[in-house]
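K.L.:
Below you will find the structure I want to go over with you.
The values are calculated or read from the model by the stated rules, or taken from the named source; none is laboratory data. These numbers come from a predicted model, not from an experiment. Cβ coordinates were reconstructed from backbone atoms using ideal geometry, including for glycine residues, and neighbour counts include every protein chain displayed.
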Amino acid sequence: TLYASPPSSSGFLSSNDLPDLEAVVGATPFYAYSREKLTSSARQALAFPNAYGLTVRYAMKALPTRAVLQIFQREGIKIDASSVFEVERAVKAGYKYEDISLSTQELGKEFVGLVEKGVKVNCCSLDQLRKFGAAFKGTSNNKCGIRINPGVGSGGFSKSTTGFSKTNVGGPSSSFGIWVGSVDDGTVEGIVKDYGLEVERIHTHIGSGSDPEIWKQVATKSLSFAETFPTVTSVNLGGGYKVGRNPDEVSTDLQEIGEPVQQAFIDFKEKNGREIKLEIEPGTFLVANAGCVVSKVQDIVKTSDYTFLKLDCGMTDLLRPSLYGAIHPVTVLPGKGGDVGSETEEAVIVGHCCESGDLMTPLPGEPESLGTREVRKAAIGDYCVIDGSGAYCSGMSTKNYNSFPEAGEVLVEEGGKGQLIRKRQELEQIFQNELTID
Ligand code: LLP
């Protein structure tokens with residue numbers, strides 16, 4: 001057994017809360033988020049060591065639900081959007097355009113109007129930089145950010161073998177950001193000069209850094225670009241802080257990695273006489289363990305080799321296990337609330353999609369094996385709570401595969417009381433944009 005449950009990482013729900021929360025949404029599956037955990041992770045991020053000022057931007061792609069954005073806004077957290085559409089979503093939640101930065105792979109033409117309203121664009125490629133220059137040459141909106149791939153980090157994407165999805169996006173095998181070589185050989189400076197731009201912000205995001213030392217390296221390297229561009233006033237080190245979802249996984253200690261980062265900013269000031277502000281941009285850190293998926297066991301199938309618990313959620317709601325082999329804690333709880341009991345069984349926990357790959361409990365590193373989990377001996381109608389599901393679960397759901405509706409979302413207050421923050425999708429909404437042919 002890899003991860004016996006309970007205990008679970010987020011563990012903010014008790015079995016007695018579940019029937020009431022289900023009643024708030026009207027059906028399982030649903031996502032439940034702890035307001036207290038969202039608030040406390042926001043406060044931890046805002047305490048990141050910084051010598052000359054700090055802006056925390058929420059990488060809202062992790063969980064873009066409006067109520068979650070509202071909570072972060074009230075805590076003083078700003079936004080990093082990954083598309084022009086996310087910008088408008090954040091504005092709908094109450095953010096001002098000037099509180100939003102945009103680092104996107106697809107700089108749609110709407111960006112021009114957004115910059116005029118105050119959105120801070122980080123140009124993520126040479127072509128984006130030229131586009132920005134062409135739009136704003138000779139205007140007062142000529143101040144841009146540039147996202148640089150600093151060459152630090154192992155690069156690319158690898159599927160999880162440890163429960164963490166490795167999304168290291170610094171290095172030669174990553175397509176994200178302007179390659180460091182184009183800064184070193186003067187290409188970026190050339191474009192900046194041609195269009196009369198002012199580089200105000202340096203942005204890097206290397207993905208999950210495993211070693212605390214990597215952050216000092218990233219900070220020093222990113223600050224070196226502020227030497228190339230003397231107009232730079234802030235350096236954004238991106239997100240990528242690890243969150244342990246399972247009992248034997250360790251989360252990044254922001255104070256620990258923050259101290260050497262802060263020192264790099266102090267060293268920069270001593271050398272160059274300029275105070276550079278720090279920005280960080282966590283997604284996972286802020287929301288991962290503040291959320292879970294609450295589903296129900298809807299069938300139990302036994303074969304000669306396995307007991308399968310079939311849930312009423314699946315890769316539609318929680319793609320990380322089937323996409324990355326990510327490990328989430330799974331807890332089976334009685335359907336009517338009450339005593340959990342002590343009888344356990346080994347089961348394969350599967351989702352509701354017609355796909356043999358819709359596994360909720362894959363075995364790390366052994367894709368050919370189904371993977372079992374020791375859980376409370378289940379009956380049909382029992383709840384199954386999948387923890388560590390705040391980040392990239394609702395936000396990355398595959399929506400209507402098999403025409404399952406999008407699950408509802410509920411915000412849980414201390415004491416277990418729930419508030420509906422997203423309704424479960426109605427059947428009609430699933431196909432409302434489709435047209436019939438003549
Ligand atoms: N900033 C930028 C520019 C990013 O691309 C990302 C994430 C972040 C910040 C936030 O990174 P975080 O703190 O969440 O690691 N779907 C994957 C993670 C993809 C991350 C994409 N970029 C997962 O479920 O683990």
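K.L.:
If Glu86 satisfies every condition in (1) assigned to a helix (DSSP H, G or I); (2) away from the ligand (no atom under 13 Å from the Cβ) but one, which is the exception?
P.N.:
Evaluating Glu86 over (1) assigned to a helix (DSSP H, G or I); (2) away from the ligand (no atom under 13 Å from the Cβ) leaves (2) as the failure.
K.L.:
Tell me the strands (runs of 3 or more DSSP E) entirely within segment 381-433 that contain at least 1 residues that are closer than 14 Å to Val24 by Cβ and touching a residue at least 40 places away in the same chain (Cβ under 8 Å). It would help to see each step written out before you state the result.
P.N.:
Working: elements: 383-386, 408-412, 418-422.
Per the criteria, 408-412, 418-422.
K.L.:
So which residues in segment 57-68 are buried (at least 24 other Cβ atoms within 10 Å of the Cβ) and within 19 Å of Lys120 (Cβ to Cβ), if there are any at all?
P.N.:
Arg57, Tyr58, Ala59, Met60
K.L.:
Continuing with this model, one more query. When Ala62 is evaluated against the numbered criteria (1) touching an Asp or Glu at 6+ places or on another chain (Cβ under 9 Å); (2) within 12 Å of the ligand (Cβ to nearest atom), which criterion, by number, is the only one it fails?
P.N.:
(1)
K.L.:
Suppose we filter segment 326-351 for residues that are within 16 Å of the ligand (Cβ to nearest atom), touching a Leu at 6+ places or on another chain (Cβ under 8 Å) and at pLDDT below 90; how many remain? Give the steps one after another, and end with the answer.
P.N.:
Residues of segment 326-351 within 16 Å of the ligand (Cβ to nearest atom): 326-329.
Then keep just the ones that are touching a Leu at 6+ places or on another chain (Cβ under 8 Å); that gives 327-328.
Those still in the list that are at pLDDT below 90 too: 327.
Residues in segment 326-351 being within 16 Å of the ligand (Cβ to nearest atom), touching a Leu at 6+ places or on another chain (Cβ under 8 Å) and at pLDDT below 90: 1 in total.
One line per residue, one yes/no per condition, for (1) of a type in the set (Phe, Trp, Tyr); (2) in contact with a helix residue (DSSP H, G or I) (Cβ under 8 Å, 6 or more places away or on another chain); (3) away from the ligand (no atom under 15 Å from the Cβ):
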position: Asn272; (1), (2), (3): no, yes, yes
position: Glu275; (1), (2), (3): no, yes, yes
position: Leu278; (1), (2), (3): no, yes, no
position: Thr284; (1), (2), (3): no, yes, no
position: Val297; (1), (2), (3): no, no, yes
position: Ile300; (1), (2), (3): no, no, yes
position: Leu311; (1), (2), (3): no, no, yes
position: Ser322; (1), (2), (3): no, no, no
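K.L.:
Within 16 Å of the ligand (Cβ to nearest atom), within 24 Å of Glu406 (Cβ to Cβ) and either within 17 Å of the chain's Cα centre (by Cα) or assigned to a strand (DSSP E or B) (or both) - does that describe any residue in segment 3-16? Please lay out each step first, then the result.
P.N.:
So in segment 3-16, the residues within 16 Å of the ligand (Cβ to nearest atom) come out as 9-10.
Next cut, within 24 Å of Glu406 (Cβ to Cβ) only: 10.
In the following step, the residues that additionally are either within 17 Å of the chain's Cα centre (by Cα) or assigned to a strand (DSSP E or B) (or both) were identified as 10.
Looking for residues that are within 16 Å of the ligand (Cβ to nearest atom), within 24 Å of Glu406 (Cβ to Cβ) and either within 17 Å of the chain's Cα centre (by Cα) or assigned to a strand (DSSP E or B) (or both), one finds at least one in segment 3-16, hence yes.
K.L.:
In segment 49-58, which residues are touching a helix residue (DSSP H, G or I) at 6+ places or on another chain (Cβ under 8 Å) and either within 13 Å of the ligand (Cβ to nearest atom) or not aromatic (Phe, Trp, Tyr) (or both)?
P.N.:
Quick first cut of segment 49-58, residues touching a helix residue (DSSP H, G or I) at 6+ places or on another chain (Cβ under 8 Å) only: 49-52, 54, 56, 58.
Listed by number, the residues that qualify are Pro49, Asn50, Ala51, Leu54, Val56, Tyr58.
K.L.:
Also, I was wondering about something else. Looking at Ser304, Ser234 in this structure, which one is surrounded by fewer than 16 Cβ atoms within 10 Å (Cβ to Cβ) and either within 13 Å of the ligand (Cβ to nearest atom) or of a type in the set (Gly, Ala, Ser) (or both)? Write out each step before concluding.
P.N.:
On the way: Ser234 fails: surrounded by fewer than 16 Cβ atoms within 10 Å (Cβ to Cβ).
Criteria check complete, one pass: Ser304.
K.L.:
Taking segment 388-424, which residues are surrounded by fewer than 16 Cβ atoms within 10 Å (Cβ to Cβ) and among the polar types (S, T, N, Q)?
P.N.:
The answer is Asn400, Asn402, Ser403, Gln419.
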